[in-house]
Amino acid sequence: MQDPDPDPDPGAPERPGGACPARWRRLPLLFGLLALAVLAAGALAVLGLGGPAAGPPPVGAAHVGASSDGYRVWERRADGQPVRWDPCSPIDVVLSPDGAPAGARHDLEEAVDRLRAATGLDLHVIGTTDERPSGARLPYQPERYGERWAPVLVAWGHPHEDGVPLRDIDRGVGIPVALGGAGDRVYISGQIVLNAEREDLVPGFADRATSWGATLVHELAHVLGLDHVDDPAALLHRYPGEGPIRFASGDLAGLRAIGASGGCLGVPAPRPVVVEPAVGARA
């Protein structure tokens, strides 16, 4: 999620009319047992499971997710390990083809292949869907996906479509969803929404500054559990930069940390949850 122009001054202030600095965006969505909270680089949403809404988890507070190995995660469990997906369960991805550019399925599968190789997670594109992105997307949709947690949705949409916190300047947002009590969360679903109005981006993996492929890799890494870092060489840097689409050492360390080597996790049984729409406040 970034502008494809050469990197602007990262410290430049945002200005009206779309003249904001180019950057990736990410939106972690974290479900609790009694409440859900959404924290974003540019949006804050609150969701509930029938109890009072909790404040955002301490994703950025005191660099709680930072590692000396050059990566950051959204949140950590009570044992200090990253909140992550269960590596002993498949992580299915579906594509909404409506509005997607030519080559979207190929680029998505290539991005998934790269992340599966780096993490060891059982990550696969399983097909297409008629589902459209939503700021209040339900992680349990048995009428569409059966008795399971909804797969990760990848879709091209428009800024602010149906409550999605996607702005005109963004390439997209990645929204992982975790369920569990404080200190014991596990990711169960998520969505990636790409900006269909970004006509300056092209299919493929030619360059991280101009390609949908780079955007997909970046957003998928967010959905798997990684936050932005300060290293300009990293694909998880908040600004896209230019050059080959390859993982830096910090990216690889982070992908290993949230990957299969951490061992199996217990996953709560799929069940209905109540979701309040995103409030859209800036964070």
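Coordinate-derived values only; no laboratory data. Computed from a predicted structure; not experimentally measured. Counting neighbours? That spans all protein chains shown, and the Cβs are built from the backbone with ideal geometry, glycine included.
Tabulated data
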{"read-out": "Ordering of 242-254, 146-158 by burial proxy (mean other Cβ atoms within 10 Å per residue, highest first)", "value": "146-158, 242-254"}
{"read-out": "Cα-derived Rg to Rh of segment 191-235, Kirkwood definition", "value": "0.97"}
{"read-out": "Alpha-carbon centroids, segment 99-170 and segment 200-248: separation in whole Å", "value": "17 Å"}
{"read-out": "Convex hull volume of segment 90-175 per residue (C-alpha atoms, cubic angstrom)", "value": "101 Å³"}
{"read-out": "Ratio of Rg to Rh over segment 134-255 (Cα coordinates, Kirkwood Rh, two decimals)", "value": "0.99"}
